[in-house]
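Read the structure below first, then the notes.
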Amino acid sequence: MDHSEAPVLEALHRYHAAGTLPFTPPGHKQARGTDPEVLKVLGDPVFRSDVLALGGLDDRHASNHILERAEALMADAVRAEHTFLSTCGSSLSVKAAMLAVAGPHETLLVGRDAHKSVVSGLILSGVRPIWVDPEWDTERHIAHPPSAAAFEEALAAHPEARGALVTSPTPYGACADLAGIAEVCHRQHRALIVDEAWGAHLPFCSQLPAWAMDAGADICVTSIHKMGSGLEQGSVFHLQGDLVDPAVLKSRADLLGTTSPSVLVYAGMDGWRRQMVLSGEKLIGGALKLADDVRNEIDAIDGLTVDGREEYVGPGRAADFDPLPVVIDLHRLSISGYQAADWLREHHHVDVHLADHRRISTQLTHADDASTTGPLLRALHELASRAGELPPARPVDLPSPDELRTEQTCLPRDAYFGTVEDVPLDAAAGRVAAEMITPYPPGIPAVLPGERLKEPVLRYLRTGAQAGMMLPDATDQRLDTVRVLVEGQHAD
């Protein structure tokens, strides 16, 4: 296929060149009705490119097949059989993938390090999760993706499972043994879904870990806006093999998706695909060289340590590693990632991707160069030199892996929609959670609806919140109370 084409972008250019006069939504009518104060911030081009997909970019019959051609080019670019573009983010795409593999009250194997969007899919669908434990690094208190052996054990115990879902890479860059997990699933004719939201760049550079389709996954969900050049909410899901009907996957996406997709977001994904096919190896290769240099420079700063392959890959850990999330361990400075993130933003206007009790992640992409990494390095040097001026980090009571693991007493859906009450945190141990409680970012829930709350997990969240952890989806973000099922309500 001719990857110099960009069907959505080219159609948008033709729309503007024709001087088309819309008597349709959007109501701003090509920016003519937009508040001038808004235009001062957002600019005219944003609104001029905000047109209807059907009855605007294409005719109402989609007879020019603009989106269809863009999806075919994307599939060809990454060696998938089918590709679907979504303007609703991977939070929707992963739900569509789950619903295409398992239905209400059917069973799905899910890595317990899944994103909150996966749990939301379980709540909406009524799918029964069988949780597969991650590989826990007890020294660094970090989770890596579950092993192929863990999925094999779970499938042997639950042969009724319709398939499996694994997250890879993690937001920290740790990658699962996707080929091994796919082989486990396919031996039993079960589908594998990979939440590869952080891996959209993987197909376009030979120096990176294998990506989901090449490793044999059936469905792969990627977020173009995370490691690519697309706009926020740009998501793609890919399909191959005969275990999932493409018509079913498309139907599930239509069930959940918007009927008013953003042409702006489509155009960003279309242009990014062209950029990656034509120049991805060079651009991402340059980013990897830059990341290697930045890692070495940060490692040389007194008090800072950069997590890398040596820390993340090996027996009982991850199978592979993406070095572009530059994860910095701060424990030698005796400050938390929460403190470091706040200090860098306040004093240097530097925003980090994520922060936890001992780390920050400074994500690099092909968009970075010396003009961005130079200020980052200067900010980190100053942070290290002035860390002693910060108050001591408030301690976070970190549970062991066994203490983190909780009993799933009922379906997440049944708990979430059950009869609930809010109880003081000190009285919550032993009760069944009716909400997610999720340190964010990266957005991996520590508590799920239907799980029986344990004191070590509650202590972790309480001390984490006191130390600066953000818990945006808890009913009470201060965690004075926790939402639980009224006793006697949980089914299953």
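Each reported figure results from applying straightforward, stated rules to the coordinates on display, with no laboratory input. Predicted model only: the values in this text are computed from it and were never measured. As a convention, Cβ positions derive from the backbone with ideal geometry for all residues, glycine included, and neighbour counts pool all protein chains shown.
Label positions at GLU232 and ARG345, each projected 7 Å from the Cα along the C-beta direction, are separated by 1.3 nm. The peptide list 102-110, 372-380, 418-426, 384-392, put in order of mean Cβ contacts within 10 Å with the highest first, becomes 102-110, 372-380, 418-426, 384-392. Ordering 1-13, 173-185 by mean Cβ neighbour count within 10 Å, with the highest value first, yields 173-185, 1-13.
When its C-alpha radius of gyration is set against 2.2 N^0.38 Å (N residues), the stretch 107-229 gives a value of 1.01. Which whole-number percent gives the relative contact order of the chain, counting Cα pairs below 8 Å spaced six or more residues apart? Over the chain, the number comes to 14 percent.
Sorted largest first, the principal axis extents computed over the alpha-carbon atoms of the chain equal 65, 55, 46 Å. In the stretch 25-133, the alpha-carbon atoms span a convex hull of 179 Å³ per residue.
Per-residue Cβ neighbour counts within 10 Å put SER120, SER336 in the sequence SER120, SER336, beginning with the fewest. Relative to its Kirkwood radius, the Cα radius of gyration of the stretch 63-274 gives an Rg/Rh of 0.95.
What is the Cα centroid distance between the stretch 313-328 and the stretch 47-122, reported in whole angstrom? Using only Cα atoms to place each centre, the spacing works out to 28 Å. Once the chain from ALA247 to MET470 is taken as fully extended at 0.36 nm per residue, the excess over their C-alpha distance is 76.3 nm. Between ASP302 and THR463, residue separation times 0.36 nm minus the direct Cα-Cα distance comes to 55.2 nm.
Taken over the stretch 349-437, the percentage of Cα pairs per 10 Å bin, counting from 0 up to the bin with the maximum distance, is 11, 28, 21, 21, 18, 2. Shape analysis of the stretch 330-394 yields a ratio of the Cα radius of gyration to the Kirkwood radius, Rg/Rh, of 0.97. Taken over the stretch 165-294, the convex hull of the Cα atoms encloses 116 Å³ per residue. With a Förster radius of 25 Å applied to the beta-carbon distance between ASP292 and HIS381, the computed FRET efficiency rounds to 0.85. The modelled label-to-label distance between GLU455 and GLU153, using points 7 Å beyond Cα along the C-beta direction, is 2.7 nm. Shape summary of the stretch 401-485, radius of gyration then Dmax from alpha carbon positions: 11.5, 32 Å. Dividing the Cα radius of gyration of the stretch 264-332 by 2.2 N^0.38 Å, with N the residue count, gives 1.46.
Geometric descriptor of the stretch 138-190, per residue, is 80 Å³ (volume of the convex hull of the Cα atoms).
Here the Debye sum runs over all C-alpha atoms of the stretch 441-492 as equal scatterers in vacuum, and log10 of I(q)/I(0) at q = 0.23, 0.25 Å⁻¹ comes out as -0.97, -1.12. Measuring between their Cα centroids, the stretch 191-261 and the stretch 7-37 lie 29 Å from each other. Scattering from the C-alpha atoms of the stretch 280-389 alone, worked out with Debye: what is log10 I(q)/I(0) at q = 0.12, 0.14 1/Å? Here log10 of I(q) over I(0) equals -0.40, -0.54. Near ALA62, the amide H atoms lying under 5 Å from its own belong to GLY55; only residues 5 or more places off or on other chains count, and H is placed 1.01 Å from N. Placing a pseudo-label 7 Å from each Cα along the Cα-to-Cβ vector at GLU310 and GLU37 gives an inter-label distance of 5.6 nm. Among 247-260, 446-459, the peptide with the highest mean count of other Cβ atoms within 10 Å heads the list, and the full ranking is 446-459, 247-260.
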